[in-house]
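Below is one structure, written out as structure tokens; comments come after it.
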Amino acid sequence: MRILIIGAGGVGSAAARIAVRRDFFETLILADYDPARPQALVDEVGDDRLAAAQVDASDAASVASLIRAHGATHVLNAVDPRFVMPIFDGCFEAGATYLDMAMSLSRPHPERPYELPGVKLGDEQFAQAERWEAAGRLALVGIGVEPGLSDVFARYAEDELFDEIDELGVRDGANLVVEGYEFAPSFSIWTTIEECLNPPVVFERDRGWYTTAPFSEPEVFDFPEGIGPVECVNVEHEEVLLMPRWTKAKRVTFKYGLGDEFIQVLQVLHKVGLDRTEPITVKGVQVSPRDVVAAALPDPASLGDRMTGKTCAGVWVRGTGKDGQPRSTYLYHVADNAVTMREYNSQAVVWQTALNPVIALELLASGVWTGTGVQGPEAFDARPFLDLLAAPAPGGYGSPWGITELA
């Protein structure tokens, strides 16, 4: 297997640091628009299997050319979701297996944005599913942590824990603190603005997909391993578009623990138009307001030394258990920033995101996971993934997951 990672930011760099501890691949090329970024990581890691390259992720031809030049068999998209389609198309053109952690962008319904979905997350990719299947190629979409590991948990719950699922409720919360900044998001602010200010999507089996207002339906969820109660709100996310395609769940939701201050900042950005992506002219220069916001904030990958706490990703599953009795279960994975910084020099949020596509790549390399077309994580057997995730090194990745029974 010859892997190309496009994007040398926090997640792409963390994926490379995780992958070099494994022996399932021959070569890993880390590419970025700025070639100095991947080269710095290659120099830091010092593994002969790694190489650095330059790529324009906005240009499918540039992506395809790089794939061919290095003979890459698998491509991991580790850049902002605005670049999904050029990379997706470049992979198809060059014949490479494609993986991403965020799917093609949505566009709200023009007249009723808080009732009906317009173009949904992933629609542009799923529109090409038959083309990928006919060509015998695989695009594995949404294989980060959320979406990704959360979707693997959903598959495991349906196959091994529940006879009937009333709701798959993805719940994400943390107690992370970043010292020295009044406001410092632990993940890409570009992506965070996109998912938090778009109309959240909810799925109900007898109704289909519908939308609500941003930050709607607040609830307090008690997260495990010392994180504790966190207020979570509806946010647009890929799981709600993926899980219904491969599970029989009657309802699917996604709620994120943002906190009042974070929500207020996002609302202010929206009110003054700083969430917009369309360029505006400032003193004769064309700039995207959202890109300005991202440039003004600290790089999330640089915050690890100032960060303390844990982050938790998981799925709250409610329904009827295999014993025929009502069951309410939270399947989860926790990343402790102290551990991820000590072991991988990567802060917890980006490390937890990067871990899962590396595991998926190993399962594809071994032939345990196989498929064609555009597939989500739910389309594959969950048990090998979860076993590899939890098994101690060197056999596995040494990162246990948990199950909590709720009242």
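Bear in mind these aren't lab numbers, they're just calculated from the coordinates by the rules spelled out. Just so it is clear, the structure is predicted and the values come from calculations on it, not from any experiment. Don't worry about glycine lacking a Cβ; one is built from the backbone with ideal geometry, like all the others, and counts go over all protein chains shown.
State the Cα centre-to-centre distance between the range 320-397 and the range 271-288 in whole Å.
39
Working out 0.36 nm times the residue gap between residue 163 and residue 59, then minus their Cα-Cα distance, what length gain in nm do you get to one decimal?
32.9 nm
Using the per-residue mean of other Cβ atoms lying within 10 Å as a proxy for protection, in what order, highest first, do the peptides 6-16, 46-56, 249-259 fall?
Put in order of decreasing packing, that is 6-16, 249-259, 46-56.
Given a Förster radius of 60 Å and the C-beta distance between residue 281 and residue 393 as r, what FRET efficiency does 1/(1 + (r/R0)^6) yield to the nearest 0.05?
0.70
Net charge near residue 109: determine it from the other residues with C-beta under 12 Å of the C-beta of residue 109, scoring Lys and Arg +1 and Asp and Glu -1. Can you show the working numbers first?
Numbers: positive: 107, 112, 120; negative: 111, 115.
Net of charged neighbours comes to +1.
Before anything else, pin down the relative contact order of the range 211-336: Cα pairs under 8 Å, at least 6 apart, normalised by residue count, whole percent.
Taking the mean separation of contacting Cα pairs over the length of the range 211-336, I get 14 percent.
Rank-order 57-69, 77-89 by packing density, defined as the average count of other C-beta atoms within 10 Å over each peptide's residues, highest first.
77-89, 57-69
Which whole-number percent is the relative contact order of the chain (Cα, under 8 Å, 6+ apart)?
Normalised by residue count, the contact order of the chain is 19 percent.
Given axes a ≥ b ≥ c from the Cα gyration tensor, I'd like to know whether the range 177-324 is rounded (a/c under 1.5), prolate (a/b larger than b/c) or oblate.
The shape class here is oblate.
Please list 120-127, 267-274 highest first by mean number of surrounding beta-carbon atoms within 10 Å per residue.
120-127, 267-274
Rounded to the nearest 5, what is the percent of antiparallel bridges among the DSSP beta bridges in the chain?
Percentage antiparallel, nearest 5: 60.
Can you compute 3J(HN,Hα) from phi for each residue in the range 68-74, using the Karplus curve 6.51 cos²θ - 1.76 cosθ + 1.60 with θ = phi - 60°, rounded to whole Hz and x for Gly and Pro?
After applying 6.51 cos²θ - 1.76 cosθ + 1.60, I find 5, 4, 9, x, 5, 9, 9 Hz.
For the chain, what does the helix formula give at 222 nm: sum of -39500 (n - 2.57) over DSSP H segments with n ≥ 4, over the residue count, nearest 500 deg cm²/dmol?
Estimated from H runs of four or more residues: -9500 deg cm²/dmol.
On full extension of the chain, what length is gained from residue 217 through residue 21, given 0.36 nm per residue of separation minus the C-alpha to C-alpha distance? Write down the numbers at each step before the final one.
Working: separation 196, 0.36 × 196 = 70.56 nm, distance 4.21 nm.
Contour length minus the Cα-Cα distance gives 66.3 nm.
Tell me, Kirkwood radius of the range 118-261 from alpha-carbon pair distances, in Å?
Evaluated on the range 118-261, it is 16.6 Å.
For the chain, rounded, prolate or oblate, judged on the Cα gyration tensor with a ≥ b ≥ c (square roots of eigenvalues), a/c < 1.5 rounded, else prolate if a/b > b/c?
Since a/c stays below 1.5, the shape of the chain is classed as rounded.
Shape verdict for the range 281-407, please, from the Cα gyration tensor: rounded (a/c under 1.5), prolate (a/b greater than b/c) or oblate. Don't skip to the answer; put the middle values down first.
Details: a/c = 1.73, a/b = 1.69, b/c = 1.02.
Cα axes put the range 281-407 in the prolate bin.
In nm, give the distance between the simple-model label positions of residue 292 and residue 225, each being 7 Å from the Cα along the Cα-to-Cβ direction.
Going from the residue 292 label point to the residue 225 one covers 4.0 nm.
Which value in Å is the Kirkwood Rh of the range 1-82 over different Cα pairs?
Details: mean 1/r = 0.0810 Å⁻¹.
Across the range 1-82, the inverse of the average 1/r is 12.3 Å.
Tell me which of 269, 203, 230 sits at the most positive position along the dipole axis of the range 198-269, charges placed on C-beta atoms (Lys, Arg +1; Asp, Glu -1).
Working it through, the farthest residue towards the positive pole turns out to be 203.
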